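Colleague: Just dropping this structure here.
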Amino acid sequence: MDIDTFQDIELRDSNLYHPNRQIRLGDTYGYNYHISGEEAEAFTLFTFNYKRLSFYFAEQLHYTAYQREGLYKNPLFPTTSFGKSEVVLFNNLGIKGGFTYYLSGKHIFSVNGAWYNQPPTIHNTFPSIQVSNTIIPNLKPETVLGFDATYNLRTPKFQAKLT
């Protein structure tokens, strides 16, 4: 039987559209849904090289869309488990840049920085993804900020790097 034995009797059927369904080998049971996701990304990179200095600047545009389609009407979520959810869209931006300064062939300094945001994962967008189209309200992309500085020492017999 396609039932959830941990629930009260009136909530045991996995799909309200097919109560008391007997399952056979290869049947889907418990929950059934489709997830669709789309991503598109574009970026630019500008590099500049001079005798003692090189630097770069990059930017990224990122589009993500998620949608869940429930194929069962779950009794725990009768109004949100069956059918398509609304499409959840995220438009994200990222920038990064850095430079390298060559004091000499032995002494090299570099600095890099990045700021970007990224969308939440599908599982962080739909908290009960197996049985409900419910979307976490007021979703915001994660913001990431990164920075590093490095000193390289290169000699014929010794190399060191401090970051």
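The values are calculated or read from the model by the stated rules, or taken from the named source; none is laboratory data. Keep in mind that this is a model prediction, so the values were computed, not measured. Please note: Cβ atoms are built from the backbone with ideal geometry, for glycine as well, and neighbour counts cover all protein chains shown. Heavy atoms of the whole protein, side chains included, go into the accessibility calculation; ligands, DNA and RNA do not. Shrake-Rupley method; radii C 1.70, N 1.55, O 1.52, S 1.80 Å.
Colleague: Straight-line reach from LYS96: which aspartates and glutamates have Cα under 15 Å away, leaving out those fewer than 8 places along the same chain?
Modeller: Once the sequence-local aspartates and glutamates are set aside, what remains near LYS96 is GLU59, ASP148.
Colleague: Now for a separate question. Which of the lysines could a cross-linker span from LYS161 if the Cα-Cα distance has to be under 16 Å and same-chain partners fewer than 8 positions apart are dropped?
Modeller: Here the lysines satisfying the reach criterion relative to LYS161 are LYS106.
Colleague: Just to verify a number: what accessible area does LYS96 come out at with the full protein assembly present, 1.4 Å probe, Å² rounded to tens?
Modeller: Rounded to the nearest 10, that gives 110 Å².
Colleague: Right, another one. Quote the charge dipole size of the stretch 80-163 about the Cα centre in Debye, to the nearest 20; the model charges only the Cβ of Lys and Arg (+1) and of Asp and Glu (-1).
Modeller: 500
Colleague: Sorting LEU103, LEU25 by accessible area (1.4 Å probe), largest first, what list results?
Modeller: Details: LEU103 80, LEU25 180 Å².
Accessible-area ranking of LEU103, LEU25, largest first: LEU25, LEU103.
Colleague: Using only the heavy atoms of the protein chains and a 1.4 Å probe, how would THR121, THR155, THR150 rank by accessible area, largest first?
Modeller: THR121, THR155, THR150
Colleague: Size of the dipole of the stretch 56-126 about the Cα centre, Lys and Arg at +1 and Asp and Glu at -1 on the beta carbon, nothing else charged, in debye to 20?
Modeller: Dipole magnitude for the stretch 56-126 comes out near 140 debye.
Colleague: So between GLU142 and PHE99, what do we pick up on full extension, going 0.36 nm a residue minus the alpha carbon distance?
Modeller: 12.9 nm
Colleague: Right, here's the next one. How much of LEU45 can a 1.4 Å solvent probe reach, expressed as accessible area in Å² and rounded to 10?
Modeller: 100
Colleague: Taking the chain as a Gaussian network, where each spring joins two C-alpha atoms under 10 Å apart, which residue of VAL88, VAL144, VAL131 fluctuates the most?
Modeller: It is VAL144.
Colleague: Still on this model: Leaving out same-chain residues fewer than 8 places away, which lysines sit with a Cα under 26 Å from that of LYS73?
Modeller: Qualifying lysines at Cα under 26 Å: LYS84.
Colleague: Of TYR116, VAL144, GLY98, which is farthest towards the positive pole of the chain's charge dipole, taken about the Cα centre with +1 and -1 on the beta-carbons of Lys, Arg and Asp, Glu respectively?
Modeller: GLY98
Colleague: Treat every Asp and Glu Cβ in the stretch 6-128 as -1 and every Lys and Arg Cβ as +1, leave all other atoms uncharged, and give the resulting dipole magnitude about the Cα centre to the nearest 20 debye.
Modeller: 620
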